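See structure below.
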Amino acid sequence: MEEVDAELHDWTCATYGSKSDVDASYKALLDAALRPEWANALRIGVASHNLFDVAWAMLAVEARSSEATRSTRVEFEMLRGMAPAQARAVEDCDERAAALRPSFARATSPPPSPT
């Protein structure tokens, strides 16, 4: 759709041309957001089911955050019910995940009952 719209209006296409370009842009954005100078200005939600990206972000937070900001800087987010095994794998590899990233608890718990 984006390509068709760009072609019809003689615009440059807004989307990336390849998955590798998308992935590189995602990591570049995370890299910039995790710089120490932004520690008190940004709270980051890493939304991904890609375990490599989640692991990379966890290591980047560990390396670039002070002890004081490490636990509040980043929250990992996954769509509820889409990949509960992946959410559990992330919790299992980092014992702080459940405490520091409450979205995991929400991702693996049943949805609230309708009122």
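Yes/no matrix, rows are residues, columns are (1) touching a helix residue (DSSP H, G or I) at 6+ places or on another chain (Cβ under 9 Å); (2) of a type in the set (D, E, K, R); (3) without any contact (Cβ under 8 Å) to a residue 40 or more places away in the chain:
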position: V4; (1), (2), (3): no, no, yes
position: E7; (1), (2), (3): no, yes, yes
position: W11; (1), (2), (3): yes, no, yes
position: Y16; (1), (2), (3): yes, no, yes
position: K19; (1), (2), (3): no, yes, yes
position: L42; (1), (2), (3): yes, no, yes
position: L51; (1), (2), (3): yes, no, yes
position: W56; (1), (2), (3): yes, no, yes
position: S65; (1), (2), (3): yes, no, yes
Restricting to region 16-61, what's the tally of residues that are polar (S, T, N, Q), at pLDDT 85 or above and open to solvent by less than 70 Å² (accessible area, probe 1.4 Å)? 3
Residue list for region 27-40, filter: touching a residue at least 12 places away in the same chain (Cβ under 8 Å) and more than 20 Å from C93 (Cβ to Cβ): D31, R35, P36, A39, N40
Just the residues that are open to solvent by 20 Å² or more (accessible area, probe 1.4 Å) and closer than 18 Å to C93 by Cβ, please, taken from region 62-78. E62, A63, R70, S71, E75, E77, M78
Which of the residues that make up region 79-102 are under 14 Å from A55 (Cα atoms) and either open to solvent by less than 50 Å² (accessible area, probe 1.4 Å) or modelled with pLDDT of 75 or more (or both)? Q86, A87, R88, A89, V90, E91, D92, D94, A97, R101
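The values are calculated or read from the model by the stated rules, or taken from the named source; none is laboratory data. All of these numbers come straight from a predicted model, not from anything done at the bench. Note: ideal-geometry Cβ built from the backbone for every residue, glycine included; neighbour counts use all protein chains shown. We work out accessible area using only protein heavy atoms, side chains counted, and drop any ligands, DNA or RNA first. Shrake-Rupley method; radii C 1.70, N 1.55, O 1.52, S 1.80 Å.
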